[in-house]
Amino acid sequence: MQQNHYGRLGAVLSADLINLPELTAASVQSLLEAHEIRRPKVMDAEVEGFGRWRDRLARVFDPQDSAEQCAAVNALLGEATIRPWVTTHDGLQPHLHFVPDSADVLSRVKAVTAGGLAFVLCWEGGSRLGRCTRSACSRAYVDTSRNGRRRYCTARCGNTEAVMRHRSRQSYPKP
Ligand SMILES: [Zn+2]
Ligand SMILES: [Zn+2]
């Protein structure tokens with residue numbers, strides 16, 4: 001999974017960060033641990049920075065159009081990356097990093113999310129970065145399905161919506 005630090009992984013981390021119900025040093029840190037971000041310790045003083053960054057990530061998941069989505073990703077790249085180079089740390093396959101390994105955790109997360117979103121946008125298409133269309137949910141998701149036509153964050157949300165539609169049809173009086 002780590003082979004793809006700047007592929008889908010960074011995009012999925014972006015969505016998970018947006019979806020975090022509560023933003024605290026502990027919740028962000030455990031998310032980073034789950035994504036195998038190295039040196040994931042988050043200090044209380046850094047939480048606000050993560051909050052601001054996730055608001056900017058969110059713009060990529062609900063853009064007006066694809067030009068706006070590209071502009072949003074470019075703004076992220078401009079702020080979060082210093083220069084790309086190929087690394088093979090920890091015996092991994094060659095992959096790109098955009099900030100030095102010595103950077104603090106927020107800077108590294110900025111780089112991995114900005115880079116990941118750019119990769120998905122360019123290689124898989126911006127429509128794969130979306131929001132669940134179940135109105136009560138609207139969680140951010142990265143569509144990893146084969147045909148790329150997902151509209152819900154999870155199969156569960158899709159099923160819930162299908163049941164609701166079915167019920168509301170049934171509640172109409174039959175002619
Ligand atoms: Zn790496
Ligand atoms: Zn959902």
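Overview of values
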item: Single residue of Thr113, Thr154 found to be polar (S, T, N, Q), closer than 21 Å to Arg8 by Cβ, open to solvent by less than 80 Å² (accessible area, probe 1.4 Å) and at pLDDT below 95; result: Thr154
item: Some residue of region 44-64 being more than 16 Å from ligand 2 (Cβ to nearest atom) and touching a Gly at 6+ places or on another chain (Cβ under 7 Å); result: no
item: Filtered residues of region 140-151 (kept if modelled with pLDDT of 95 or more and either small (Gly, Ala, Ser) or open to solvent by 60 Å² or more (accessible area, probe 1.4 Å) (or both)); result: Ala140
item: Top-ranked residue in region 114-153 [being polar (S, T, N, Q) and without any contact (Cβ under 8 Å) to a residue 12 or more places away in the chain; ranked as nearest to Val73 (Cα to Cα)]; result: Ser138
item: Number of the condition not met by Ala67 [criteria: (1) more than 16 Å from ligand 2 (Cβ to nearest atom); (2) small (Gly, Ala, Ser); (3) under 25 Å from Cys137 (Cβ atoms)]; result: (3)
item: Verdict on Val99 being outside any helix (DSSP H, G or I) and surrounded by 12 or more Cβ atoms within 10 Å (Cβ to Cβ); result: yes
item: Test: residue in region 122-134 that is at pLDDT 90 or above, out of contact with any Cys (no Cβ under 9 Å at 6 or more places or on another chain) and within 16 Å of ligand 1 (Cβ to nearest atom); result: no
item: Hits in region 38-84 (condition: at pLDDT below 95, surrounded by 11 or more Cβ atoms within 10 Å (Cβ to Cβ) and closer than 25 Å to Gly125 by Cα); result: Asp62, Pro63, Ser66, Thr81, Ile82, Pro84
item: From Arg108, Arg134, residue being open to solvent by less than 40 Å² (accessible area, probe 1.4 Å), more than 14 Å from the chain's Cα centre (by Cα) and either away from ligand 2 (no atom under 16 Å from the Cβ) or under 27 Å from Pro21 (Cα atoms) (or both); result: Arg108
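The values are calculated or read from the model by the stated rules, or taken from the named source; none is laboratory data. Because the structure is a prediction, the values reported are computed rather than measured. Here Cβ is always computed from backbone atoms with ideal geometry, including for glycine, and neighbour counts include all displayed protein chains. When the accessible area is computed, the model is the full protein with side chains, heavy atoms only, and any ligands, DNA or RNA have been set aside. Shrake-Rupley method; radii C 1.70, N 1.55, O 1.52, S 1.80 Å.
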